[in-house]
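Here is the structure we will look at.
The values are calculated or read from the model by the stated rules, or taken from the named source; none is laboratory data. Here the structure is a predicted model, which is why all the values come from computation and not from measurement. Note that we place each Cβ from the backbone using ideal geometry, even for glycine, and neighbour counts take in every protein chain shown.
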């Protein structure tokens with residue numbers, strides 16, 4: 001068996017990445033399926049659009065808390081136990097949500113679904129990043145794409161079931177899939193990274209963070225606020241695209257196809273961003289992605305036709321897909337590996353809270369104005385806040401690069 005630094009970028013590393021991608025694709029279903037069923041929940045409980053967004057908001061809150069909790073757990077116990085617990089929580093949440101009589105009970109179940117789903121995002125991405133060095137950016141991008149694969153695959157596969165049998169049946173299927181797919185896959189993630197690799201990575205990260213004049217705490221705070229801002233902006237198209245389509249007279253299937261197209265663009269963007277970050281680092285990649293997302297938000301404003309919305313959805317996905325993985329890359333560059341899961345979980349919790357707040361505030365703005373135009377402008381403002389913070393980090397890290405170039 002290989003040990004020490006030899007395990008990095010090894011054949012086992014890539015195999016583990018493949019298993020992680022499958023787990024993430026199954027485990028992240030809860031984050032996306034609630035978007036697909038939003039109009040159905042609104043009809044089931046005879047409520048307003050903003051009220052119907054509450055289950056989604058609680059899913060996002062649970063998802064954020066799950067990222068934080070399971071991020072700490074994966075640092076301490078490893079991926080095996082985390083995935084098993086997540087599978088059980090997801091199954092319980094899906095089943096009881098499907099039989100909930102009241103919106104309150106349904107919302108609590110979605111909080112549980114979100115919490116379990118959180119284990120399949122930042123914690124797994126941080127875990128697999130430990131097994132790579134030269135191709136860490138690509139590995140992080142692929143692992144985090146499990147979240148988007150989930151968003152692209154499940155609405156497409158279950159959209160017909162939703163239209164013919166209802167959202168309750170969709171949730172029954174997902175409860176069974178969580179148990180019978182995730183638990184067997186967890187056994188394939190039992191192996192842990194050697195302590196020698198963790199020790200060396202810790203030393204490198206501490207040296208790097210001290211050289212840019214920022215404390216670890218300040219860097220995490222800045223990344224947290226930046227992540228919140230970018231995901232408030234990101235949430236309006238991703239969470240409300242299905243509802244927007246139904247308002248314009250298009251079917252649920254059309255809305256789910258646009259969401260899938262958006263997420264397919266996000267998968268492509270994440271992979272390309274991963275390649276880029278291996279060469280220029282996470283900060284450069286994050287700044288580029290945030291700027292492109294801001295530009296793409298403007299493209300939703302003038303169009304309400306079927307074909308233009310398909311095109312804009314794809315452009316939006318291609319623009320912003322690499323943003324969230326870039327936060328993990330920055331953390332892995334400047335934060336010790338022994339804290340990778342915890343810190344990545346914290347920052348990505350803030351991105352999810354941004355998605356939750358953005359989804360809710362967009363629904364509220366829609367209820368008050370009868371249009372998504374103001375909600376898009378709200379997203380642009382939060383996106384600008386994000387860019388300002390990333391520019392500050394960019395100039396600090398760029399100063400380090402310049403000094404290193406002069407010394408060389």
Residue check, residue 259 within 26 Å of residue 160 (Cβ to Cβ), in contact (Cβ under 8 Å) with a residue 40 or more places away in the chain and crowded, with 16+ Cβ neighbours inside 10 Å: yes
Check on residue 67, buried (at least 20 other Cβ atoms within 10 Å of the Cβ), in contact with a helix residue (DSSP H, G or I) (Cβ under 7 Å, 6 or more places away or on another chain), under 29 Å from residue 363 (Cβ atoms) and modelled with pLDDT of 90 or more: yes
Top-ranked residue of segment 207-229 - restricted to ones that are part of a helix (DSSP H, G or I) and at pLDDT below 85, ranked as surrounded by the fewest Cβ atoms within 10 Å (Cβ to Cβ): 207
Condition check for residue 309: in contact (Cβ under 8 Å) with a residue 60 or more places away in the chain, surrounded by fewer than 24 Cβ atoms within 10 Å (Cβ to Cβ) and under 18 Å from residue 120 (Cβ atoms): no
Unique match (being at pLDDT below 90, surrounded by 14 or more Cβ atoms within 10 Å (Cβ to Cβ) and over 18 Å from residue 226 (Cα atoms)) among 365, 407: 365
Test: residue in segment 139-160 that is without any contact (Cβ under 8 Å) to a residue 12 or more places away in the chain and either over 25 Å from residue 36 (Cα atoms) or surrounded by fewer than 18 Cβ atoms within 10 Å (Cβ to Cβ) (or both): yes
Cβ pairs under 7 Å, 6+ apart, first in segment 315-343 and in contact (Cβ under 8 Å) with a residue 12 or more places away in the chain and on the phi < 0 side of the Ramachandran plot, second surrounded by 23 or more Cβ atoms within 10 Å (Cβ to Cβ) and not in a helix (DSSP H, G or I): 337/130; 340/130; 343/335
Test result for residue 35, farther than 27 Å from residue 363 by Cβ and assigned to a helix (DSSP H, G or I): no
Lone qualifier among 72, 135 - being surrounded by fewer than 24 Cβ atoms within 10 Å (Cβ to Cβ) and under 14 Å from residue 17 (Cα atoms): 135
